[in-house]
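The values are calculated or read from the model by the stated rules, or taken from the named source; none is laboratory data. Please read these numbers as outputs of a predicted model, since none were measured by experiment. Because the Cβ atoms are built from the backbone with ideal geometry, glycine has one as well, and the counts that use them run over all protein chains shown. Calculation scope for accessible area: heavy atoms of the full protein, side chains included, ligands and nucleic acids excluded. Shrake-Rupley method; radii C 1.70, N 1.55, O 1.52, S 1.80 Å.
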Amino acid sequence: MFSLLKVRGRSLHPDYQNGDYVLTARAPFPSGKIKAGDVIVFRQPVHGVLIKRVTRVFDDGQTYQVKGTQIDSTDSRNFGPVSLSQVSGKVIWHIRQK
């Protein structure tokens, strides 16, 4: 299943800017398993829906460390690892705003 989502905020700026769109795919992911460098969209219990880059895949293959590009981004440094069950999609296409 695919979803088109609008990026809100500056967490991955300048790569992903406020107002950009991303096309995400749910598991099983058409482009393979989630790996370091992939961008994922997930639900975090306290912060809601977030978009972040995966910086590490733990040995179980279903837990991820994520990080934003901004020094003050809310990411795994604040809330710990993200589990596959929290992931709503892996970004497979990025549509930049004009």
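So what is the calculated 222 nm ellipticity per residue for the chain, using -39500 (n - 2.57) for each DSSP H run with n of 4 or more, over all residues, to the nearest 500 deg cm²/dmol? The partial results should precede the final answer.
Working: 1 runs with 4 residues, N = 98.
It lands at -500 deg cm²/dmol.
Quick check on packing: order 64-72, 43-51 by the mean number of other C-beta atoms within 10 Å, highest mean leading.
Numbers: 64-72: 16.4, 43-51: 13.3.
Per-residue Cβ counts within 10 Å, averaged per peptide and sorted highest first, yield 64-72, 43-51.
Counting heavy atoms of the protein chains only and a 1.4 Å probe, report the per residue accessible area for segment 45-85 as a whole number of Å².
61 Å²
Loop-only trypsin sites (Lys or Arg not before Pro) in segment 5-34, please: DSSP not H, G, I, E or B, and at most 14 other Cβ atoms within 10 Å.
Details: sites: Lys6, Arg8, Arg10, Arg26, Lys33; in loops: Arg8, Arg10, Arg26, Lys33.
Sites meeting the loop and neighbour criteria: Arg8, Arg26, Lys33.
Can you list the aspartates and glutamates whose alpha carbon sits under 15 Å from that of Lys33, skipping same-chain ones fewer than 8 residues off?
Asp59, Asp60
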